[in-house]
Amino acid sequence: MQLQGTSTQSRKAAVQIALCAAACAAIFLVPVLLDDAFLLNKYARYLVFGMLAISLSLSWGQAGILNLGQATTFGLGSYCMAMALKLKTVPVHTGSDGLPDFMVWNNVTELPWFWAPFHSLAFGVLAGILVPVAFAALLGWFMFRGRVTGVYSAIITLAAMVVVQLLIIDQQAYTGGFNGITDLAQFEVAGIAFDAYSASTYYLVAACLTITLFAGLAITRSKTGQILQAIRDQEDRVRFFGYDVALYKIFIFSVSAAFAGLAGMLYTIVMEFASPTFLGVPLSLSIVIWVAVGGRQSLLGSMLGALMVTGVQGALSESEAFLDSWTLVMGLLFVVVVLFLPKGLAGAFEGIAARLGRRPNERPAKPERPAAAMTTPRSIEGVR
């Protein structure tokens with residue numbers, strides 16, 4: 001029986017990897033089939049949203065941490081990239097001493113110390129990942145060491161996002177305030193300029209999305225991923241077996257922040273500006289909707305959910321027939337999915353596949369108990 005279970009799991013893993021590879025291959029084929037700079041830019045934005053959905057799926061779907069402030073780390077990554085690109089703009093967009101234009105308008109006479117390192121693009125890219133990770137690790141340390149769970153952790157992450165957004169808006173002389181950071185130079189690496197409307201930028205986003213998806217998949221299938229799923233299902237039982245639950249939560253919370261920060265940097269490259277709206281409540285709630293529609297326990301499902309919802313949203317908002325009612329249609333779609341597909345689209349497809357793969361005279365398998373409910377001292381030691 002154990003060998004049979006192992007064989008089934010291996011087969012499922014192979015199918016999962018094959019589906020992820022097929023989805024990524026289809027994404028890479030888009031520029032070959034499409035010769036439209038505007039559409040490439042729009043689809044690149046959708047891919048960034050897919051990365052955001054994957055980042056939330058890691059913390060919410062795998063560890064049960066609902067982060068209502070996922071846009072915080074996304075926005076921090078966006079601003080880090082914008083700061084680096086702003087210092088590389090042509091003089092017409094900066095002051096006489098190389099100061100960003102909004103600093104000149106606010107009578108700032110010297111580049112602030114925390115802006116100076118962003119003269120290096122490499123530092124900007126590194127900061128775009130490490131700053132969100134540091135923020136998430138610090139916030140996670142206070143939450144998870146204090147055993148804050150459930151709706152309380154969701155409220156704390158939401159409140160932290162609002163605080164960061166207000167801070168950025170208030171410090172207009174150093175962050176651009178409501179206007180954000182605009183008039184950026186193009187992102188350039190090894191002599192390759194990534195114009196926002198070029199195929200090279202689309203491929204850059206697609207490559208980062210692929211790396212994010214498979215890195216997340218590797219984490220979920222590792223021993224650490226199994227423990228995180230057990231924590232999601234029965235946290236107290238995992239703690240009883242001697243695991244440092246807070247440490248595991250901080251880890252996945254920080255990894256999720258790193259993926260979101262990377263997505264934020266790519267979004268700045270694609271949109272050519274950074275804005276405090278990137279740290280807003282509407283975006284954070286939208287991420288939750290994307291993941292819920294796609295299936296929060298499936299990285300691929302979450303990614304496809306983001307692509308589908310944002311794609312439909314874009315099509316409806318540009319349609320004359322739904323110009324004034326597209327938000328109502330999107331809300332109705334979300335309600336239908338929550339009511340009739342509690343596990344999202346990924347859960348629905350898994351159920352259909354299970355029925356099609358079942359033999360005519362074979363009885364349906366009994367539903368499996370949660371991972372933590374099946375955990376025994378012997379099995380948890382095996383994971384360790």
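Note on surface exposure: Ile252, Ile169, Ile211 rank Ile211, Ile169, Ile252 by accessible area, highest first, 1.4 Å probe.
Rounded to the nearest 10 degrees, the inclination of helix 70-86 to the longest alpha-carbon principal axis of the chain is 30 degrees. Entry comment: accessible area of the chain is 51 Å² per residue, from protein heavy atoms only and a probe of 1.4 Å. Compared with the dominant Cα axis of the chain, that is its longest principal axis, helix 299-317 is turned about 50°. The heavy atoms of Met271 present about 50 square angstrom of accessible area, all protein chains included, probe 1.4 Å. Taken over segment 24-142, the ratio of Cα radius of gyration to 2.2 N^0.38 Å equals 1.35.
I'd like the distance between the alpha-carbon centres of segment 56-75 and segment 146-215, rounded to an integer number of Å. Rounded to whole Å, the Cα centres lie 14 Å apart. The per residue volume of the convex hull around the alpha-carbon atoms of the chain is 170 Å³.
Peptides 66-78, 25-37, 291-303, 229-241, ordered by how many other C-beta atoms sit within 10 Å of their residues on average, highest first, read 66-78, 291-303, 229-241, 25-37. Rounded to the nearest 10 degrees, the inclination of helix 121-145 to the longest alpha-carbon principal axis of the chain is 50 degrees.
Per-residue accessible area (protein heavy atoms, 1.4 Å probe) orders Asp170, Asp101 as Asp170, Asp101, starting from the largest. Accessible surface of Lys249, taken over heavy atoms with a 1.4 Å probe and every protein chain present, rounds to 10 Å². Element breakdown for the chain at a 1.4 angstrom probe: carbon and sulfur atoms account for 64% of the accessible area.
The values are calculated or read from the model by the stated rules, or taken from the named source; none is laboratory data. Everything numeric here is computed off the predicted structure, so don't read it as measured data. Don't worry about glycine lacking a Cβ; one is built from the backbone with ideal geometry, like all the others, and counts go over all protein chains shown. What goes into the accessible areas is simple: the full protein's heavy atoms, side chains included, and nothing from ligands, DNA or RNA. Shrake-Rupley method; radii C 1.70, N 1.55, O 1.52, S 1.80 Å.
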